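*Asks:* Below you'll find the structure I mean.
The values are calculated or read from the model by the stated rules, or taken from the named source; none is laboratory data. Keep in mind that this is a model prediction, so the values were computed, not measured. Here the Cβ is made from the backbone with ideal geometry for all residues, glycine too, and neighbour counts use every protein chain on show. Heads up: the accessible areas ignore ligands, DNA and RNA and are worked out on the full protein's heavy atoms, side chains in. Shrake-Rupley method; radii C 1.70, N 1.55, O 1.52, S 1.80 Å.
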Amino acid sequence: LEKDEYSHAPDADPDWQESVVLFAWAPEQKCYFFLRIGHEPNFGPDGMTVVYSNIWADGMFYRNCIELPFSPGHRFAGGCSGGPTLRYEYDGKRDGNHRWTVRDRDVSADLVMQDYMPAFDFFPSDHNLGEVAPHHIEAVGYLSGTVVIKGRTFHLEKAFGHRDRSWGTRKWETIRGHRWGP
């Protein structure tokens, strides 16, 4: 549902989280991405924002994986941010695309993903992951945009992308695997 694409109000559970993830690859341009923003507003005394920014581009690698104190400014109606370096936006009224922006030292990226099928939850309704991913959607699509890394510019058109969004109480200790992966 389109409402699932927008930010969700957290409840008071200390394990409540919301996250967005993008995996993308453009082999012709030798560019690959793993981007994630995770908000855990009730974790510890200040809450936490987790940022994973990884871009591989023709032999160069950018990595910025950090934890920040959660700020209400990291959440907004159409998306979320991981501080000043990573931002995700969705606007169904504009064009229904998903925008990712990276701004850091020697790298910038302006990426737009257009789903080529509706987002879905691949877990059956009675799945046993209710304590790990009670609300979860996945989508695949095409990624276009520009990446600049260490002064080199890469133009992407119709790169393959896979994204997910999840929200709700997430109790990591109940999952048998290490982490979700595509």
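*Asks:* Amide H to amide H under 5 Å from residue 78: which residues, 5+ apart in sequence or cross-chain, H placed 1.01 Å off N in plane?
*Replies:* none
*Asks:* Name the long-range amide H neighbours of residue 17: under 5 Å, sequence gap of 5 or more, or other chain; modelled H, no Pro or chain starts.
*Replies:* When sequence neighbours closer than 5 places are left aside, the close amide H contacts are 168, 169, 170.
*Asks:* Gap in Å between the Cα centre of segment 84-114 and the Cα centre of segment 1-73?
*Replies:* That distance is 12 Å.
*Asks:* How charged is the neighbourhood of residue 109? Take every other residue with its Cβ under 11 Å from the Cβ of residue 109, and add Lys/Arg as +1 and Asp/Glu as -1.
*Replies:* Its environment carries a net charge of +1.
*Asks:* While we're here: Hey, what did segment 31-123 get for relative contact order, percent, Cα under 8 Å, at least 6 apart?
*Replies:* 17
*Asks:* Enumerate the aspartates and glutamates that residue 3 could reach by cross-link, defined here as Cα to Cα under 18 Å, with residues fewer than 8 away along the same chain left out.
*Replies:* By straight Cα distance, residue 3 reaches 11, 18, 89, 91, 95, 115, 121, 138, 164.
*Asks:* For segment 13-172, what relative contact order do you get, as a whole percent, if you take Cα pairs closer than 8 Å and at least 6 residues apart?
*Replies:* This gives 22 percent for segment 13-172.
*Asks:* Moving to a separate point now. Can you tell me how segment 36-77 classifies by the Cα gyration tensor, rounded, prolate or oblate, using a/c under 1.5 as the rounded cut?
*Replies:* Prolate.
*Asks:* Run the accessible area of the chain with a 1.4 Å probe and give the carbon-and-sulfur part as a rounded percent.
*Replies:* Exposed carbon and sulfur together represent 53 percent of the surface.
*Asks:* What ranking, highest mean first, results for peptides 35-42, 64-71, 76-83 when packing means the other Cβ atoms within 10 Å averaged over each residue?
*Replies:* Going from most to least packed, we get 35-42, 76-83, 64-71.
*Asks:* In bins 5 Å wide, starting from 0, what share of all Cα pairs of segment 37-127 does each bin hold, as a percent?
*Replies:* 3, 11, 19, 18, 17, 17, 11, 3, 1, 0
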